[in-house]
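The numbers here are math on the coordinates, done by the rules we state, and not lab data. These numbers come from a predicted model, not from an experiment. Note that we place each Cβ from the backbone using ideal geometry, even for glycine, and neighbour counts take in every protein chain shown.
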Amino acid sequence: MDDIAKKNMLYDFYGELLTQHQRQIYEDAVYNDCSLSELAEEYNISRQGVHDLLKRCDSILEGYEDKLKLVEKFNVLRTYAKKIEQRSGDEEVRELARKMIDAL
């Protein structure tokens with residue numbers, strides 16, 4: 001998984017556990033592709049402060065994943081559901097597997 005996709009997955013699973021301030025800046029940096037300078041100006045903090053906050057958020061999100069493994073479990077379940085869909089000869093089972101994949 002590339003770095004951006006990994007950050008997106010971690011944020012999707014654990015982003016609500018960040019403070020509102022952390023979420024705002026992290027979303028602007030990751031989803032809106034704002035530069036450190038743009039974020040520093042927008043939030044009236046230094047570029048170094050923005051950089052430190054983003055690194056801290058990455059560390060916090062990685063820490064949650066290290067403990068809870070929700071992203072890892074999600075990826076395993078999605079892989080199993082895709083295999084069931086591909087290998088099943090029963091249309092009803094394939095349909096259920098597709099629904100499971102969509103739900104994930």
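Partner lysines whose Cα lies under 26 Å from the Cα of Lys55, excluding those fewer than 8 positions away in the same chain, are identified as Lys6, Lys7, Lys67, Lys69, Lys73.
Relative contact order for the range 1-68: what percent, with Cα pairs under 8 Å and sequence separation of 6 or more?
Values: 38 pairs, mean separation 23.7, N = 68.
It rounds to 35 percent for the range 1-68.
By definition, a body whose alpha carbon gyration tensor gives a ≥ b ≥ c is prolate when a/c is 1.5 or more and a/b is larger than b/c, and the range 1-68 fits this prolate description.
Among the trypsin sites (Lys or Arg not before Pro) in the range 66-102, those located in a DSSP loop and surrounded by at most 15 other Cβ atoms within 10 Å of their own Cβ are Lys69.
Between Gln48 and Ala5, full extension at 0.36 nm per residue minus the direct alpha carbon distance yields a gain of 13.0 nm.
Electrostatic bookkeeping for Arg94 treats Lys and Arg as +1 and Asp and Glu as -1; over the other residues with beta carbon under 13 Å from its beta carbon, the sum is -1.
Placing pseudo-labels 7 Å out from each Cα toward the beta carbon at Ser59 and Gln86 gives an inter-label distance of 4.0 nm.
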